[in-house]
Amino acid sequence: MEERIKLSNKILELETSLIKPIYLLQNRDFPFYDTSHSNNVFNSISLININSLLDFEKKINKKVELQRFRGNFYVDGIEAWEERNWVGKTIKINNISFKVEKNIPRCVAINLKPKTDDNSLNLLQSLKKTYNHFDMGIYLNALEDGNINVGDKIQLSQ
């Protein structure tokens, strides 16, 4: 338990040391991805469907902060869990193509409430009990360069 408290304190310390505001910028030399390239993992960007999160909140009758899932993109306007049907397909955001690689299996980090040391919600267990999986969101692989803006529409490619 002491190690968890130390880890929580360190995360809070690092989080508060960030210069605000934070902007997503293009960096061709050292791009940011949720994962890194290796034999088993691809460079990816995470997309979280807000309606999937709201469905989860409703079913467990608890407020769940978006920040727990550390998404790169948050989307609204699609049915809860619809993004799970996109795995293996290509989507376009602002005419930029992304291959939907897989669902995002979550780890115990989602149990920690942002900016606190509160880990009283076992969200991992709740996901498994409620949906019989540990997933929230999908991994995207950008197929081309471009800019994404707030309000851009998502299109499922044929």
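Any read-out appearing in this document is the output of simple, stated calculations on the displayed coordinates, not a laboratory observation. Everything numeric here is computed off the predicted structure, so don't read it as measured data. Ideal geometry is used to build each Cβ from the backbone, glycine not excepted, and the neighbour counts take in all protein chains shown.
With the charge dipole of the range 33-156 set up from +1 on Lys and Arg Cβ and -1 on Asp and Glu Cβ about the Cα centre, the Cα lying farthest toward the positive end among the listed residues 88, 44, 125 is that of 125.
What ranking do 98, 56 get, fewest neighbouring Cβ atoms within 10 angstrom at the top? Don't skip to the answer; put the middle values down first.
Details: 98 25, 56 19.
Ascending number of Cβ neighbours within 10 Å: 56, 98.
For the range 96-158, which trypsin sites (Lys or Arg not before Pro) are both in a DSSP coil and crowded by at most 11 other Cβ atoms within 10 Å? Here the trypsin sites (Lys or Arg not before Pro) that fit, given the DSSP loop and packing criteria, are 153. Other residues whose C-beta falls under 12 angstrom from the C-beta of residue 75 contribute a net charge of -4, scoring Lys and Arg +1 and Asp and Glu -1. The trypsin sites (Lys or Arg not before Pro) of the range 61-97 that meet both conditions, a loop assignment by DSSP and at most 10 other Cβ atoms within 10 Å of the site Cβ, are 63. Kindly provide the pair-distance distribution of the range 33-156 built from C-alpha pairs, with 5 Å bins from 0 and whole-percent values in order of increasing distance. Using 5 Å bins, I get a P(r) of 2, 10, 20, 24, 18, 13, 9, 3, 0 for the range 33-156.
Report for the range 78-142 the percent antiparallel among DSSP-assigned beta bridges with both residues inside it, nearest 5. Don't skip to the end; give the middle numbers.
Values: 10 of 10 bridges.
That works out to approximately 100 percent antiparallel.
About its Cα centre, the dipole of the range 33-156 is roughly 400 debye, where the only charges are +1 on Lys and Arg Cβ and -1 on Asp and Glu Cβ.
For residue 136, nonlocal amide neighbours, meaning residues 5 or more places apart or on other chains whose placed amide H falls under 5 Å from its own, are 104, 106.
What does the net charge come to around residue 100 if you take all other residues with beta carbon closer than 9 Å to its beta carbon, with K and R at +1 and D and E at -1? Its environment carries a net charge of +1.
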